1. Could you please state how large a percent of the accessible area of the stretch 121-183 is carbon and sulfur, counting protein chains only and using a 1.4 Å probe?
2. What are the ³J(HN,Hα) values, in whole Hz, obtained from phi via the Karplus relation 6.51 cos²θ - 1.76 cosθ + 1.60 with θ = phi - 60°, for each residue of the stretch 245-257 in sequence order, with x given for Gly and Pro?
3. What number comes out for the charge environment of Leu265, summing +1 per Lys or Arg and -1 per Asp or Glu over other residues with Cβ under 11 Å away?
4. Extension gain Asp70-Thr94, at 0.36 nm per residue separation less the Cα-Cα distance, in nm?
5. Under a 5 Å amide H to amide H cut-off, with H placed in plane at 1.01 Å, what residues pair with Leu146 once short-range neighbours are removed?
6. Residue by residue through the stretch 387-394, which ³J(HN,Hα) values in whole Hz follow from phi under the Karplus form 6.51 cos²θ - 1.76 cosθ + 1.60 (θ = phi - 60°), with glycine and proline marked x?
7. Expressed in nm to one decimal, what extension gain is obtained for the pair Glu347 and Phe117 from 0.36 nm per residue of sequence separation less their Cα-Cα distance?
8. Once you put a point 7 Å from the Cα of Asp124 and another 7 Å from the Cα of Lys259, both along the Cβ direction, what distance in nm separates them?
Amino acid sequence: MEPAEGPDAVDFHGDEEIIEVVELGPPGPDDLADEMEDVDFDEEGGEEPEAEAWETEDEEGGGDGMEPQDDSEVTFSLHSASVFCVSLDPKTNTLAVTGGEDDKAFVWRVSDGELLFECTGHKDSVTCAGFSHDSVFVATGDMSGLIKVWQVDAKEEVWSFEVGDLEWMEWHPQAHVLLAGTADGNSWMWKIPSGDCKTFQGPACPATCGRILPDGKRAVVGYEDGTMRIWDLKQGTSLHVLKGQDGHQDPLTCLASNKDGSLILTGSVDCNAKLVNCATGKVVCVFKMESTAPKAPGSESEEAESNSVESLGFCNVMPLAAVGYLDGTLAIYDLSTQSLRHKCQHESGIVQLLWEESSAVVYTCSLDGAVRLWDARSGKMISEYRGHSAEILDFAVNKDASIVVTTSGDHQAKVFCVQCPDR
């Protein structure tokens, strides 16, 4: 870990910064929805491909691996290949949407695994799926770039659009607006269901990850060339660009912002996580993970020994950030001192991590098929949940942290009831 700037770079808790953050504070949902109404979208409607009526194949999804223990309450097994993504509906947390390598996406009930409807017509692996902020719509996107939006109550498709190869997709936190990043470096923004469209042109390389900031007015996008841009969604202009020494040396893999949007954390294949002041676009500090097995340049085993940042996030209740690495390290960093607080080791690579909404508990899922809960204050593991016979590829936690929904390479999604210790 090394400070990126002089001594005053450390002082991001100072009064001046807080005044800036207050000025950027999020307006109410209605104001934001109105703001989005004012955005000048180009009329680039695009033709809507007809949805093919695919029948649900109720195939046995499980792998052949031994399952000595299954801690899950519900198993959803309508997928016939690896299940890549899952999201919970934000309003009630009662519905899940999953997408998989079988070119299928399903919306189903978390309580009993009952299918609500299938999101038909995808022609490639469904890698992105999520509900709008009010759970009215669900969007599904496949690798080829076909994005579809469905009205949940009516169970019917209301919009579709085709872009280049899809890298990521995210709903606006307060409006029916969808943002997506593609392999040609562009980020796309649409009003749903009208389809009014706007594009943000990045460098000529994939936009590998993106996140709309909590104020709903800006988005941060990371690219394969190691650069990061903060975009003004209304103006369509780039507010800050981090590149060269300020950027990463390898592709960005993940991004996160803290609750008020004043800080951004970026993770990369270069194994570094950078803390960025969102108002100034300056790097506050760099968290570096020492490589346990230094690789010889150009060696055959280079790939086997590689490490990278796979997931990261901020704690809402303490000045802590978590970074998950491909080598199985979960690092908890203290933002006030910009130092490593705990190192929690997993036997296999971390795929994703999520913080609980209102406590210092961080969840990890990994390639060994287990979900683990860690107390970030002590660095100790609280509990572990198993049930998959292959790696976990994605997971979601509900608002009150009582349920975890996982997806896996074993063709299944599972619902785990999490025992909350007194915290």
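1. On the way: 770 of 1810 Å².
Taking all protein chains in place, the stretch 121-183 shows 43 percent carbon and sulfur surface.
2. Whole-Hz 3J(HN,Hα) from phi for the stretch 245-257: 5, 6, x, 9, 8, 9, x, 6, 10, 7, 9, 8, 10.
3. Working: positive: Arg211, Lys274; negative: none.
The answer is +2.
4. Working: separation 24, 0.36 × 24 = 8.64 nm, distance 2.17 nm.
Gain on stretching Asp70 to Thr94: 6.5 nm.
5. Answer set, sorted by chain and number: Val163.
6. Values per residue, Gly and Pro as x: x, 8, 9, 8, 5, 8, 9, 6 Hz.
7. On the way: separation 230, 0.36 × 230 = 82.80 nm, distance 3.74 nm.
Length gained between Glu347 and Phe117: 79.1 nm.
8. 3.9 nm
The values are calculated or read from the model by the stated rules, or taken from the named source; none is laboratory data. Only a predicted model underlies this, so the values are computations on that prediction, with no experimental measurement involved. No Cβ is skipped: glycine too gets one built from the backbone with ideal geometry, and neighbour counts run over all protein chains shown. Ligands, DNA and RNA are stripped out before the accessible areas are found, and what is left, the full protein with its side chains, is counted by its heavy atoms. Shrake-Rupley method; radii C 1.70, N 1.55, O 1.52, S 1.80 Å.
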